[in-house]
Structure formats: structure tokens, C-alpha cells
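Below is one structure, written out as C-alpha cells; comments come after it.
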Amino acid sequence: MKRRILLQSVVLLAALLLGLLALGQPARALPPVIDLNSTSAGLTVYGDDAGDLSGRRVAAGDINGDGTDDLIIGAWLADPAGGADAGETYVIYGGGSLPASIDLNSQSAGLTVYGDDAGDYSGFNLAAGDINGDGTDDLIIGAPIADPAGGADAGETYVIYGGGSLPATIDLNSQSAGLTVYGDDADDQSGWAVAAGDINGDGTDDLIIGAHYADPAGGADAGETYVIYGGSLAVGGIAELPEIDGALLQTSGSSGPSAGVLAGMAVALAMGALTLGGAAWYARRRWVK
């Protein structure tokens, strides 16, 4: 009896040690180089139609709230019912049983968001963050060539609130986003860059929008970047950037020699810091529909 108990104890101890060793090892060691010409990715998503430019922008976030990040893909030159180059955005829901490939020409994404009007370039930039503070990431879509009341190419930004009961498709030509932000003036191209992060430190992500061709006091194309604070202020409806009161931090480009550097062309959150960037070489170029 004692010998059997001792043997069982040894087996149990060995199993425990092996389990601890396994926990200390990475699930899979990645090689230093992966050549996609000869090696397959874990998941490959093929674009729908010729000229869509699917994958020009990508992002990730837990849009359906199941605890696993989802893959977000922008195809800003896709042609939905809204018109040519209205753009489309796809969300491939994450999980442990994804196939090796998904062909959007013959298979549907978990969620597809169709752009509003022809030439809007919806999906040109993408982000995810919990803007309404419900604990689930929301989908943020920039459409920088959209034409709101502010004028042609003023741009629009959409927030699709995440959750477990999202439909398979949302057509912005006939359905409203949870929050729509209209650009200020013609040619601002608000929504060229979008991001999310808790800028005011209240525990809720805020919406960050770059309008790299905006014209503040600093000069033409100095650019502007907007922060719309998340929470109850961001829940539902439509916001005109010049009319937002108390929910907006506006950062304009500098005056003098730096005017025209297009502040807000790139908006990113890196290591918890807000970065507002531009590219001087791009300063004299205009995006043409």
C-alpha cells in the first residue's frame, strides 16, 4: 500500500513539473523570417473585386465582445451600392477555428460595412477602441473624401458600436452609424487618419481624427487634429466638428515655416503617447478624387 501511494505521488509530481515547464514555454516559436512567396500565413484574406485595394488599411480589436481580437480590413476603392469607390470595411471575427484562407469574393466577412456615397473612400483608415465605454471595442472608419454640409471632401468619420448582436452588413448609404462626425470645411479630408485612446484619463477611449488639409490660423494646409472625448458625449447621433462644445480638443498646425506640413496626416498612439505627425515632402500634394 505504501509503495503504491509513493508511486502515485511520484507520477503526480512528475505530471505537475511537466505542466509547469510547459507553461513556461512559448506556444510556438516564430522563425526570424517568413517568406510569403513560399510559406503560408496562418490566415490569408483575399479581396473581393479587382481594384478594391483591400488591405490598404488594417486594424484589430474585439468588436463582437467575445474576448478575442477581430481582424479589420479596409477596401477603400470597393464599389458597393453607394457607388464607385464608396469603400467597404470588413471585420473577420477572431477565434480558435479560423480557416487557412477567406476569399471575400465568395465568402462573407463577419461584418461588412458599405460606404455611403461614390468617391467617399470609406475604410481609407481604420481603428478600434471602446468609445462609448461599454467594455467592448467599437469600429472606427474614416471616409476622408466624403461630402458633408461642410463642403466637398470635408470628410466623415463613423463609429460602429461593438457588441454581440451586430448584423452581417451595415450600409451607410441607408443606415446610420452609432456616431458620425462631419468634417469642418471643404477639402479638410477629416478622417484621413483615425485612432483611439484614453486621452483625458477618464477610463474611456476617446476618438482621434486627423484632418491634414485643414486651414487654421497657422496657414493653408497646416492641418488640424481633433479629440472627441468618449463616454456619454459620444453615444449616438451626428457631430459637426465646428459645433462640438466641451467634447473636443483641437490641435492645429503651427504657423510660420511649418505651415503646410499637414499636421494630423498621421495620428498614432505609441507607448501611451499621442503623436501628431506629418510629412514635409507631402506638403504640396493634394489628394484628388
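The values are calculated or read from the model by the stated rules, or taken from the named source; none is laboratory data. Given the structure is predicted, the values throughout are model-derived calculations rather than measurements. Here the Cβ positions follow ideal geometry from the backbone for every residue, glycine too, while neighbour counts run over all protein chains shown. Calculation scope for accessible area: heavy atoms of the full protein, side chains included, ligands and nucleic acids excluded. Shrake-Rupley method; radii C 1.70, N 1.55, O 1.52, S 1.80 Å.
Couple of notes before you dig in:
- Per-bin percent of Cα-Cα distances, region 24-122 [10 Å]: 15, 39, 31, 11, 3, 0
- Mean accessible surface per residue for region 103-219, computed with a 1.4 Å probe while every protein chain stays in place, in Å²: 30 Å²
- For region 222-230, 3J(HN,Hα) per residue [Karplus equation, 6.51 cos²θ - 1.76 cosθ + 1.60, θ = phi - 60°, Hz, x = Gly/Pro]: 5, x, 9, 10, 10, 10, 9, 5, x
- Projected area, mean over directions - region 136-199, Cα convex hull, nm²: 4.9 nm²
- The candidates 58, 227, arranged from most to least accessible area with a 1.4 Å probe in the full protein assembly, appear as 58, 227.
- Computed lengthening from residue 240 to residue 220, 0.36 nm per intervening residue step minus Cα-Cα distance: 5.1 nm
- The calculated FRET efficiency for residue 134 paired with residue 50, based on their beta-carbon distance and R0 = 41 Å, is about 0.60.
- Theoretical gain in end-to-end length, residue 198 to residue 174 [0.36 nm per residue, Cα-Cα removed]: 5.5 nm
- Once all protein chains are placed together, residue 57 keeps about 80 Å² accessible to a 1.4 angstrom probe.
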